[in-house]
Amino acid sequence: MSNHLHAIVKTELATLSRAVKVINLRYAARYNRRYRRVSPVFGDRYRSEVIEDDAYLLGALRYIHKEPYFCSLLA
């Protein structure tokens, strides 16, 4: 999983949006400074989905925990 990540976060959507923006900006600035780059680090804006029931939450948790295994099989 070298090009993205998945996370389950319980928060208000507006708060999440601001937090992700700050994290992305700070990470990109440090990454570009470290590797002497000036281009964008991330190719796309983050996406989020609302989890409204336990069945969807369980499926999302399973997907997140299995994905590193699936990605290592494809590499």
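The table that follows gives values for the structure above.
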| quantity | calculated |
| --- | --- |
| Selection within region 12-49 - over 15 Å from the mean Cα position of the chain (by Cα) and of a type in the set (S, T, N, Q) | Thr15, Asn32, Ser39 |
| Residues of region 3-54 that turn out to be more than 21 Å from Glu67 (Cβ to Cβ) and not in a loop (DSSP other than H, G, I, E, B), as a count | 17 |
| Close pairs from region 35-47: first closer than 12 Å to Asn24 by Cβ, partner among the polar types (S, T, N, Q) and assigned to a loop (DSSP other than H, G, I, E, B), Cβ under 9 Å, at least 6 apart | Gly43/Asn3 |
| Pairs where the first residue, in region 49-70, is over 13 Å from His6 (Cα atoms) and the second is modelled with pLDDT under 95 and of a type in the set (Asp, Glu), C-beta under 9 Å, 6+ apart | Tyr56/Glu49 |
| Residues of region 41-60 satisfying the condition of being surrounded by 10 or more Cβ atoms within 10 Å (Cβ to Cβ) and at pLDDT 85 or above | Ile51, Tyr56, Leu57, Leu58, Gly59, Ala60 |
| Residue within region 33-40 that is modelled with pLDDT under 85 and under 25 Å from Gly59 (Cα atoms) present | no |
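The values are calculated or read from the model by the stated rules, or taken from the named source; none is laboratory data. Quantities reported herein were computed from a predicted structural model and do not represent experimental measurements. As a convention, Cβ positions derive from the backbone with ideal geometry for all residues, glycine included, and neighbour counts pool all protein chains shown.
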